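These notes are about the structure you will find just below.
Here, each number is a calculation from the coordinates, and none is a lab measurement. Remember, predicted model here, so these are calculated numbers, not experimental data. Cβ placement follows ideal geometry from the backbone for every residue including glycine, while neighbour counts extend to all protein chains displayed.
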Amino acid sequence: MDVDIGNALASVASPGVSRDSLERLDEQVADAHERIEDGMANGEHGYEALNLPDRTDPDEIRRAVEPVADAEALVTVGIGGSALGAATITEALDSDTKTVYLDNVDPAWVTAELERLPLENTAINVVSRSGTTAETLANFLVVREAFEDAGVDWTERTIVTTGESGPLRDLSERHDLPSLKVPDGVPGRFSALSAVGMVAAAVCGHDLEALLEGATAEADTLSGSLFDCPAYAYGATSYALDARGAGMNAMVPYAESLETYSEWFAQLWAESLGKDDLGQTPLRALGVTDQHSQLQLYRAGPRDKVVTFVTPREADDRAIPDTEVDDLAYLGDATLGELLDAEFEATEASLAAAGRPNVRIELERVDEYELGGLLYGMEAACVLAGELYGVNTFEQPAVEWAKKATRGLLGGGEFEEADAVAEKTELRVER
Ligand SMILES: O=P(O)(O)OC[C@H]1O[C@H](O)[C@H](O)[C@@H](O)[C@@H]1O
């Protein structure tokens, strides 16, 4: 990926960061890079994620999915980091395999999704790093039951990806299911380039080597200066803008296929950086669609946001047909792709003209190689930003609190967090 931070400079935008400030920040980037390199070299928790392009074995993943390689549909059961990486990859790329991600426990929705699947020709991909996440385990039990009710042997169609031990590991051993291991030292939201994200990609027939090669190319750019490394340029600029008041970061891909990528980015940025009263709030948007809903706020609302555009340089195109209406003649000379590009450039310029900071991330196109680079690059950007904030990028204690409260409420153990639910303060206004 290439990153253009010109519209984040103080000469363009407010908040903005001056060239001098960036030069000073670059000294901290050099220190942070040393820390990141050490963490990677020593396989430290979290930093290890940046070694995945070297560690992930595509052959092992393909062997595990072999029994279901010709499945017509794939249902992935997982949540957060155990679903969003896979979903980002398979939603971005074309495949004949239909994919469903059960990452919510809304009963009506789960039932409707299962009813739409050809179960006799559907593969099940269960993913949970901990192997204990209530939503994932509950949905898996529901999926199993649906297969049994339809007379389909789910044990023939299931692949499990989980940690070395835990309830999901026990279950997969009991039924002798093909299983893969979530690599040690890699938190869920940083695991897209492991089996966690790549089992689904393999079932859909995507090029796993190209995903990893794109990530490797991005890894090769990591260096001690933000001016030489697109990932660090992005992480450092986002951090500097936040420090100057841009506490929100709106991710706006100009490609429908990257809509899920914004969800993945939101988890990465929020869970990694949102701690110790620090962090930048990710917002999810889509170009051009959200130009017609959220842009008003981004251009004229509080000066508390940076907008990040992601734009592929090349994409399939389609001509806009000629029309009999004179006022629309200009459209007939263009293509949908040209319209999309023009809207992107106009929106970028409109924010700059209003002095609103924005950053452009360019991809060659949306394919495996570029996607691998984007995922890796944003992870590296996030790790760098975590170093600059001085937070523990790789933990998420605030999420764990609610997980314990939920288990306590359902009778899954004694958790004092569950008591807080009964202590809720009320001030009700009823109809
Ligand atoms: O992979 P699992 O252990 O099931 O965890 C799934 C998700 O659970 C929690 O909500 C964590 O905050 C996420 O970081 C994690 O990705």
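Quick notes
- Residue check, GLU395 surrounded by fewer than 17 Cβ atoms within 10 Å (Cβ to Cβ) and of a type outside the set (Phe, Trp, Tyr): yes
- The criterion of at least 2 residues that are within 14 Å of the ligand (Cβ to nearest atom) is met, among helices (runs of 4 or more DSSP H) falling completely within region 100-193, by 134-149, 167-174.
- Entry remark, region 228-259: residues being among the hydrophobic types (A, V, I, L, M, F, W, C) and closer than 16 Å to ARG356 by Cα number 8 in total.
- Qualifying residue in region 242-259 (condition: under 17 Å from ALA381 (Cβ atoms) and among the hydroxyl-bearing types (Ser, Thr, Tyr)): no
- Restricting the search to helices (runs of 4 or more DSSP H) fully inside region 36-92 and requiring at least 3 residues that are within 16 Å of the ligand (Cβ to nearest atom) gives 84-92.
- Exclusive hit being touching a residue at least 40 places away in the same chain (Cβ under 8 Å), away from the ligand (no atom under 16 Å from the Cβ) and assigned to a strand (DSSP E or B), set VAL29, VAL3: VAL3
- Of the residues ALA255, ALA202, ALA210, ALA217, the single one that is in contact (Cβ under 8 Å) with a residue 60 or more places away in the chain, touching an Asp or Glu at 6+ places or on another chain (Cβ under 8 Å) and not aromatic (Phe, Trp, Tyr) is ALA210.
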